[in-house]
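Right, one structure below, let's go through it.
The values are calculated or read from the model by the stated rules, or taken from the named source; none is laboratory data. It should be emphasised that the depicted structure is a prediction, and the values quoted were computed from it without experimental measurement. Positions of Cβ are generated from backbone atoms using ideal geometry, with glycine treated the same way; all protein chains shown enter the neighbour counts. These accessible areas exclude ligands, DNA and RNA; they are computed on the full protein's heavy atoms, side chains included. Shrake-Rupley method; radii C 1.70, N 1.55, O 1.52, S 1.80 Å.
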Amino acid sequence: MSVKKKTIVLLPGDGIGPEVTAAAASVLRECERAGRHAWEIVEKPMGGCAIDAYGSPLPPDTLAACQSADAVLLGAVGGPRWDDLPIGKRCESGLLALRKGLGSYINVRPIRMRDSLLSISPLKAERVTGCDIEIVRELGGGIYFGEHRAEGAERASDVEAYSVPEIERVARYAFERATKRRKILVSVDKANILCSSQLWRKTVTRLAAGYADVKLEHLLVDNAAMQLVLAPRQFDVIVTSNLFGDILSDAAAGLAGSIGLIPSMSCGDGTPLFEPIHGSAPAIAGQDKACPVGAILSVAMMLRETFGLGKEANAVERAVDSVLERGFRTADIADPLTTPVSCSRLTAMVRTDLKDLLRRAEPTG
Ligand code: IPM
Ligand code: MN
């Protein structure tokens, strides 16, 4: 039996971060026990807890460990304790520095309507059933990384800027993802107002010539938000800027029932970073109430995209579905007919199903 040890850096972070990353790590361990894989999981401080202990949300040792790892799994960062810090010193700045430091300029957020959760979607079942969208968000540029300036107490500005190479690299990736899916790419911008959006649209349009089998459509972001709510099933892959992607992915997550369900992958030139898209939810931290599904599905994404373990990834997703189908839910995704369970209980049930599924499936190896 060959054992290849890959390193995964775990960044639990703040609030519910430690609870959901513990859940996710236990799922990784279950895959390890079932297959010919071995991961070295190294935990590092990041976010508010790192500010408290080291005076920085992303200590140099944490960044260096992430840069030399095979994958990074992050929980969530931030909380009211650190909310009064200036921009640049906050937990969120640590997250941006991490994305930058890992060369992550692409962020993929799959939004899938799970049949078992149709009853908690705010939309009628006939509008969302089977909805399967992949949002490709530009992550390394745009207004997040433009100059942020407070001019005294009365005026402030932030700069949205994109260059052709920045647009090309994320758009190419989105076209590639679309070719492997339903071959529809919607590029979202605000080209009726913003110069940067006009460059975005022109650049994406030019690239389309190289992807003849993909149908490209452009939508203005306001219209895209409405279309997402009215007819989400029309979407396959969406590619958009950093800020628009941030906003649209929360909106789309709402359609699926809860932001607690959605995983993500950030990638580009360096170590890929996986994280649920939810925040640190300080109000429920430490109470074993958090939804671990986004973090567990982030592990599935890691297995599939970084380690090429498609069967194991499918098994993790199927285990999650099977537990949800049987009606076991954390509070955020509960409805009157389901059984409320804690984060750790839900995770244990997922692991039990996973163990069973992996025993039956021939592991990738
Ligand atoms: C996300 C989050 C982050 C972002 C914050 C925490 C900086 O909202 O990953 O969507 O805006 O990118
Ligand atoms: Mn966000």
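Worth a mention:
- Per residue accessible area in Å² of the stretch 21-114, where ligands, DNA and RNA are left out and the probe is 1.4 Å: 40
- Here is how the number arises for the chain: DSSP H runs of 4 or more residues each give -39500 (n - 2.57), the sum is divided by the residue count, and the result at 222 nm is -13000 deg cm²/dmol.
- Those aspartates and glutamates that a straight Cα-Cα span of less than 16 Å connects to Lys190, excepting residues fewer than 8 apart in one chain: Glu138, Glu160, Glu217, Asp222, Asp246
- The residue list Asn192, Leu98, Pro276 was ranked by how far each Cα lies along the charge dipole of the chain toward its positive end, using unit charges on Cβ atoms, and Pro276 comes out on top.
- Partners for Lys355 among lysines (Cα-Cα distance below 29 Å; same-chain residues under 8 apart left out): Lys4, Lys5, Lys6, Lys44, Lys289, Lys311
- Portion, in percent, of the accessible area of the stretch 218-294 that falls on carbon or sulfur, probe 1.4 Å: 62
- Stretchable slack from Ile193 to Asn314, in nm (0.36 nm times residue separation minus alpha-carbon distance): 39.3 nm
- Rounded to the nearest 0.05, the FRET efficiency derived from the C-beta distance between Ser344 and Arg36 at R0 = 35 Å is 0.80.
- DSSP finds beta bridges in the chain, and of those with both partners inside it, around 35 percent are antiparallel.
- Formal net charge of residues neighbouring Arg329 (Cβ-Cβ distance under 13 Å; K, R +1; D, E -1): 0
- Ranked by how many other beta carbons lie within 10 Å on average, peptides 228-239, 129-140, 266-277 from highest: 266-277, 129-140, 228-239
- In order along the stretch 5-10, the phi-based Karplus estimate (6.51 cos²θ - 1.76 cosθ + 1.60, θ = phi - 60°) of 3J(HN,Hα) comes to 8, 9, 9, 10, 8, 9 Hz; Gly and Pro are listed as x.
- Over the chain, relative contact order from alpha-carbon pairs under 8 Å, at least 6 apart, %: 22
- A rounded overall shape is assigned to the chain, the ratio a/c of its alpha-carbon gyration tensor axes (a ≥ b ≥ c) being less than 1.5.
- With contacts taken as Cα pairs under 8 Å at a separation of at least 6 residues, the stretch 306-365 carries a relative contact order of 46 percent.
- Net charge contributed by nearby residues that have their C-beta within less than 11 Å of Ile284 (K/R +1, D/E -1): -2
- Accessible area expressed per residue, the stretch 140-297, with surrounding protein chains retained (probe 1.4 Å, Å²): 42
- Compared with the alpha-carbon gap, the fully stretched path from Asp356 to Ser157 is longer by 66.2 nm at 0.36 nm per residue.
- Rounded if a/c under 1.5, otherwise prolate or oblate - the stretch 176-234, Cα gyration tensor axes: oblate
- For the stretch 213-291: rounded, prolate or oblate by the Cα gyration tensor [a/c cutoff 1.5]: oblate
- Here the stretch 118-175 has 51 percent of its accessible surface on carbon and sulfur atoms, given a 1.4 Å probe and all protein chains in place.
- Summary value for the stretch 122-161: 31 percent relative contact order, contacts being C-alpha pairs under 8 angstrom separated by 6+ residues.
- Packing around the peptides 77-88, 280-291, taken as the average count of other Cβ atoms within 10 Å per residue, puts them in this order, highest first: 280-291, 77-88.
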